[in-house]
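Contents: one structure, followed by commentary.
Derivation of every value follows stated rules applied to the coordinates shown; laboratory data play no part. Bear in mind that the values here come from a model prediction, so they are computed numbers and not experimental data. Neighbour counts are summed over all protein chains in view; Cβ atoms, including those assigned to glycine, are modelled from backbone coordinates with ideal geometry.
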Amino acid sequence: MSDFLRETSASAPLTNARPIFWSIKRELWENRSLYLAPLAIAAITLFVYGLSTFSLAPRLREAELARSQSIVMPFSAIAAFLLISSFLIAAYYCVDALNGERRDRSLLFWKSLPISDREAVLSKAAIPFVVQPAIVFLIALLTQLNMFAVSIAVLASHGISPARLTARVPLAQMTVIMAYGLTAHVLWLAPIYGWLLMVSAWARRAALLWAVLPWLVAMALERILFSTTFLGDFVKYRLTGAMSEAFVPMGNEDAILRVSELAPLKFLSSAGLWIGLVLAAVFLAAAVRLRRNREPM
C-alpha cells in the first residue's frame, strides 16, 4: 500500500503538468509566427551583415586605432532588434490567444477535453513568459555565432588574425547580458501580457482596439483637461523601464557590453517590478474566470 502511494504521489506532478505541456505544443503548432518571424528577421540580418563584411577588415584596423565600437555594434543590435520584435510578436499573440478560440468556435472542442480553464490560460501565458523568449534567445545566439564565423572567415581571407575580432567582441559576456536582459524584460512586461490576455478573454471582437484604445483616450483626456502627462509617462515607464531598472550603463557606449553594467539587485528591489507581477497575476486570474464564463461568438 505504501509503495502504491509513493508511486501515485510521484506520478501526480507529471500527470498534472502533461495537459499544460501538450497545450503549449498546440499553441506552437497553431502559431508558427512565434518562431518563423524571429527566424526571418535573423536570416535577413545575417544576409545584410554578410554583405557588410566586405568592409570589415578596414573597419577593424580603424577600430584598433580609434577604439571605435563599430565592430561590436552589429552583434548587440541583432539582440536588441530581436528583443523588440519578440515583444511585438508576444503582444499580438496575447491579444488573439483567447479571443481567437471563441471567434472560430474551437472553444467548444477545447472545453470538451480534460483541461481546466486555469491550465488553458497558463499554457497560453507560458508562451510570452517562457517559450517565446527562449526561442528568441536561441535564435539570437545562433545568429551571433554565425556572424562571428563569417567575420573570422573574412578576416582570414585578408590575412588578419581572428584574435583581433575576439578581443573586440566579448561574445561570452554578450550572451550573459542577452539572457539577463530578456529575463528582465519579460518580468517587467508581465502586466502588459496579463492585461492583453484578460482583454482577449473579455472582448467579443476587436480585442486589440479594446486593449489599446482606453489608454489612448485616457491619455488624451488627461492632456486636454489637466495639461499633464502622468498617464503617458506611466505607460512609457512600463514599456521601457526595464532598461533603467535592470542596467547601470557605464561610459558613452550605446550598447551594454560589460557584465558589470547589470544591476540585478536594483532590479529585484524595484517596487515597479513587484507591483507589475501582482497585477499580472490579477489579470491572469481574471482571464481564467472570463474564459470559464464566456461562450463562443
Taking the Cα-to-Cβ direction at Leu225 and at Met250 and moving 7 Å from each Cα, how far apart do the two end points lie in nm? 4.8 nm
How many percent of Cα pairs in segment 23-293 exceed 29 Å? 43 percent
Report, in debye and to the nearest 20, how large the dipole of segment 23-293 comes out about its Cα centre when Lys and Arg carry +1 and Asp and Glu carry -1 on their Cβ. 640 debye
Once the piece of chain linking Arg289 and Ile84 is laid out straight, how much longer is it, given 0.36 nm per residue of separation minus the C-alpha distance between them? 70.7 nm
Expected sort for Lys236, Lys111 with the fewest Cβ neighbours (10 Å cutoff) up front is Lys236, Lys111
Which lysines, if any, have their Cα less than 24 Å from the Cα of Lys236, not counting same-chain residues under 8 positions apart? Lys266
